[in-house]
Structures are given as C-alpha cells and as structure tokens.
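The structure under discussion appears below in the form of structure tokens.
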Amino acid sequence: MNTKKPISLTGRVILGMVVGILTGFAIQSLFAESGFVNNYIVNGLFEVGGQIFVASLKMLVVPLVFVSLVCGTSSLKDLSTLGRMGGKTLALYIGTTAVAITLALTIGNLFQPGAGADLTAASSFKSADAPSLGQVIINMFPTNPIQAMAEGKTLQVIVFAVLFGIAISAAGKPGERIAAVFADLNEVIMKLVALLMNLAPFGVFFLMARLFSGLGLDAIWSLAEYFLVLAGTLLLHGLVTYSAMLKGFTGLNPITFLRKMEDAIMFAFSTASSNATIPVTMETAKNRMGVDNKVASFTVPLGATVNMDGTAIMQGVATAFIAQAYNIDLTMGDYLMVILTATLASVGTAGVPGVGLVMLAMVLNQVGLPLEGIALIMGVDRLLDMIRTAVNITGDSAVSIIVAKSEGALDESRFNNPAAGEKEEEVKLSHQEA
C-alpha cells in the first residue's frame with residue numbers, strides 16, 4: 001500500500017517556478033547563441049505556453065468579478081453595510097499606500113542608492129499623459145457595461161455589478177430567482193478557477209523559463225544598490241507593515257496569513273499583474289482565509305485597481321534615486337508632493353505589467369526631476385515589477401480580512417485551519433452517481 005502523500009498545489013507551483021528559473025539561466029548560459037533554442041523553445045514553446053496561461057487567468061477576471069460582486073451585493077439586506085464596507089476599504093487602501101510611499105522615501109534617502117550614479121548617458125524616456133483625478137472618477141462609471149467587460153475595465157465592472165446587485169436585492173421575488181442563478185454561476189466559476197490553478201505549475205514554469213532566459217543580469221549588477229534598496233523596501237512593507245496591521249486590527253496570527261498567501265504570491269510574482277491574479281487572490285481570501293464572499297467580492301477587485309502599494313514604493317525609491325543621481329536637492333514640500341501624487345496616482349493605476357513607469361513619469365514631473373532617469377532603471381524593472389505585484393495582492397488580502405473581521409464576516413476557524421481550502425482546489429471530472 002502506497003501511503004506517500006501527494007505534493008500539494010503550493011509545492012507543485014514552487015517546483016515549477018524553481019525549475020523554470022534554473023532552465024532560463026541554463027539556456028542563457030549554454031544556448032544564448034542557438035537560433036533553434038531561441039526561436040522554437042524560448043520564443044516558441046515557453047512564450048506560447050506562458051501567454052496562454054496569463055490569458056486564461058485574465059479570461060476569468062471579468063466573469064468572476066461581476067458574478068461574485070453581484071452575489072455579494074444582492075445578499076446585503078441593508079445598503080448602509082455597503083457604504084460602511086466601502087468606506088473602510090478605501091480608507092485602508094489609501095492609508096497603506098501613504099505609508100508605503102513614506103517608507104520608500106525614508107529608506108531611499110537613508111541608503112542613498114543614487115549617490116555617485118551617472119545618468120547623463122541615459123536615453124530619453126517618453127511618458128504617456130496620465131489622466132487627472134477627476135477623469136479617473138468619471139471613468140469609473142460605464143456608459144456601456146458590456147463594452148467595459150469586453151475591455152476589462154475593472155472599476156467600471158465593479159460599479160455596474162454593485163448597482164445590479166442592489167437592484168436584485170430590491171426586486172423582491174424576481175430578484176430572488178436571479179440571485180439564485182448568480183449563486184450557481186459563482187460556484188461554477190470558482191470551480192473553473194480551481195481547474196486553472198491545478199494547471200498553474202506548468203504555466204509558472206513557462207513564464208519563469210522565458211523571463212530568466214533573457215533577463216539582463218548585467219543591468220541588475222550595474223543597479224545593484226537601487227535594486228536591493230527597492231526590493232528590501234518592498235519586502236519590509238509586505239512582511240512587516242501588513243503583518244502589524246493585521247495583528248493590530250484583528251489579533252490574528254500574521255504567520256498563518258503569510259503561509260496561506262503562498263499560492264497567490266507566486267501567481268502574482270509569475271504574472272506581474274494584479275488583475276490577472278484576481279481569481280487566485282479571491283479564491284485564497286474566501287476558501288483559505290475564511291472571508292465571506294460579500295466582502296471578498298468587493299475588496300479584492302477594488303484592491304487590484306486602487307491598492308498599488310508596491311508601485312507607490314517604486315515611485316518613492318526611484319524618485320530619491322534619480323534626484324540623488326542628478327544631484328538635485330528636494331525640499332520637504334517636494335517630498336510631500338511626491339507622497340500626495342503617488343497616493344492619488346495609485347487610484348488610477350491599472351493592474352497590468354509595467355504601468356508603474358507611466359505613473360513614475362507623472363510623479364517626476366510634479367517635482368521637476370528629469371524623465372531620462374527612468375530609461376536606466378527600466379533594465380531591472382521587470383523583475384522588480386514581479387515583487388511589486390506580490391506586495392500589492394498581499395495588501396489586498398490583508399485589507400479583505402480586516403474589513404471582514406470588522407463586519408463579522410470572517411470565519412476564524414477556517415483562517416486558523418492549515419488545511420482550509422484544499423478541498424475546493426480539487427477538481428474531479430468523473431461523473432458521480434446521485
């Protein structure tokens with residue numbers, strides 16, 4: 001009798017990530033000049049496999065956000081609950097972002113990563129115009145909800161789903177019948193998420209192998225101090241700030257929280273996209289952490305759109321780095337402007353790879369720093385973007401737990417159970433007898 005315990009999903013994803021990284025480095029070291037390997041393995045198999053995995057994750061985002069949020073909103077009997085929950089969520093997200101940018105500026109000035117750097121030879125960086133705060137607010141409301149879903153505009157989908165859920169709640173018997181349909185749809189979509197998660201080790205392998213086979217290690221060495229300061233600040237915020245916040249607001253064990261975040265963190269690290277990770281973050285919050293759907297369906301998609309602590313930290317460290325490299329002294333007023341601008345910019349930052357550089361250009365413009373400095377740090381931004389995304393979704397989950405706890409919508413026994421959620425991750429395709 002074989003009693004060997006199968007490898008858990010987390011173990012398989014870690015294995016896929018490690019093997020992918022090693023494979024990428026091996027290709028870079030041994031087959032860098034091989035046309036066959038580059039064309040058919042790296043840019044063929046790895047690129048196609050990785051992009052299919054990311055596309056599959058993104059495919060689930062809109063239906064999951066819409067259906068889950070409609071279910072959550074329609075189950076609220078008192079609309080004041082929605083307003084109270086929304087106020088708490090936004091306050092926590094904006095507060096953590098302000099803490100993140102303040103921490104980044106403090107550490108950036110303490111360690112001086114840009115002191116002595118020469119950026120005069122950096123190529124120019126052309127920034128796109130960032131939308132105004134007023135335009136961001138206007139853009140939250142869809143003129144065509146179907147188009148908003150087709151284009152993946154998360155904030156617009158959230159607004160429409162909330163209004164639709166309120167209408168279902170107010171519609172009496174017809175609303176109850178529609179709510180039952182959405183409840184069934186929600187179960188099916190969550191099972192689809194579980195199905196995709198079981199394929200994740202292969203997708204993570206493809207993404208890591210593709211990235212690390214072409215990662216410019218020379219750029220990382222030349223910017224080692226900037227890289228280490230930014231990565232260290234991100235880890236400090238992700239591990240310490242959120243843990244302290246969770247312990248202070250809920251009294252729950254931060255170690256348990258971080259262990260249960262492993263799957264979601266690895267998905268976020270692999271995809272470098274908060275939006276693409278929404279299905280996994282929501283599955284983790286509900287099934288692993290015990291957050292009720294009426295909370296998770298609201299806080300997680302909203303967090304993927306407005307909670308960009310990792311991006312705010314990058315903007316703070318990069319601002320200090322570029323100012324030091326160009327020997328430009330920033331006043332306290334300039335630093336306060338950076339904190340305000342970066343915090344507000346995070347509200348309109350889409351959860352997709354690389355968008356942080358566009359927001360950084362807006363921040364630099366506010367304090368009169370040259371945009372040319374961005375060209376140099378772009379060489380290491382892809383790897384740092386992966387860490388930023390992991391920090392972002394950790395913050396989304398921490399806030400979800402805090403809000404759920406305050407609303408009496410947290411199953412603490414599930415949170416404290418190490419095996420919670422494992423059953424939901426299983427997918428059985430065989431027909432079962434009734």
Can you name the residue in segment 1-13 that is within 29 Å of residue 259 (Cβ to Cβ) and outside any helix (DSSP H, G or I) and, of all such residues, is least open to solvent (accessible area, probe 1.4 Å)?
8
Note on segment 307-340: residues assigned to a loop (DSSP other than H, G, I, E, B) and open to solvent by 10 Å² or more (accessible area, probe 1.4 Å) are 326, 327, 328, 329, 330, 331
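Within segment 402-417, track down each residue that is part of a helix (DSSP H, G or I) and either surrounded by fewer than 17 Cβ atoms within 10 Å (Cβ to Cβ) or not β-branched (Val, Ile, Thr) (or both).
404, 405, 406, 412, 413, 414, 415, 416
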Taking only segment 132-149 into account, find how many residues are modelled with pLDDT of 85 or more, open to solvent by 50 Å² or more (accessible area, probe 1.4 Å) and touching a helix residue (DSSP H, G or I) at 6+ places or on another chain (Cβ under 8 Å).
1
Selection from segment 151-177 of residues that are touching a residue at least 24 places away in the same chain (Cβ under 8 Å) and either under 21 Å from residue 81 (Cα atoms) or open to solvent by 60 Å² or more (accessible area, probe 1.4 Å) (or both)
155, 157, 158, 160, 161, 162, 164, 165, 166, 168, 169, 175
Residue 106 - would you say it is at pLDDT 90 or above, more than 28 Å from residue 400 (Cα to Cα) and of a type outside the set (Lys, Arg)?
no
Starting from residues that are open to solvent by 20 Å² or more (accessible area, probe 1.4 Å) and small (Gly, Ala, Ser), keep the ones in segment 45-78 and report whichever is nearest to residue 297 (Cα to Cα).
75
If the Cβ limit is 9 Å and pairs must be 6+ apart or interchain, which residue in segment 14-41 that is outside any helix (DSSP H, G or I) pairs with which residue that is open to solvent by 40 Å² or more (accessible area, probe 1.4 Å) and modelled with pLDDT of 90 or more?
31/41; 34/41
If I filter segment 248-264 down to residues being assigned to a helix (DSSP H, G or I) and open to solvent by less than 50 Å² (accessible area, probe 1.4 Å), which single residue comes out as farthest from residue 402 (Cα to Cα)?
263
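Which one of these is modelled with pLDDT of 90 or more, crowded, with 24+ Cβ neighbours inside 10 Å and either assigned to a helix (DSSP H, G or I) or among the aromatic types (Phe, Trp, Tyr) (or both): 304, 268? Show your work before the answer.
Working: 304 fails: modelled with pLDDT of 90 or more.
268 is the lone residue from the list that is modelled with pLDDT of 90 or more, crowded, with 24+ Cβ neighbours inside 10 Å and either assigned to a helix (DSSP H, G or I) or among the aromatic types (Phe, Trp, Tyr) (or both).
The values are calculated or read from the model by the stated rules, or taken from the named source; none is laboratory data. The shown structure was predicted, so the numbers you read here are calculated from the model rather than taken from an experiment. Using ideal geometry, Cβ is built from the backbone for each residue, glycine included, and neighbour counts are taken over all protein chains shown. Side chains are part of the model used for accessible areas, which takes the heavy atoms of the whole protein and leaves out ligands, DNA and RNA. Shrake-Rupley method; radii C 1.70, N 1.55, O 1.52, S 1.80 Å.
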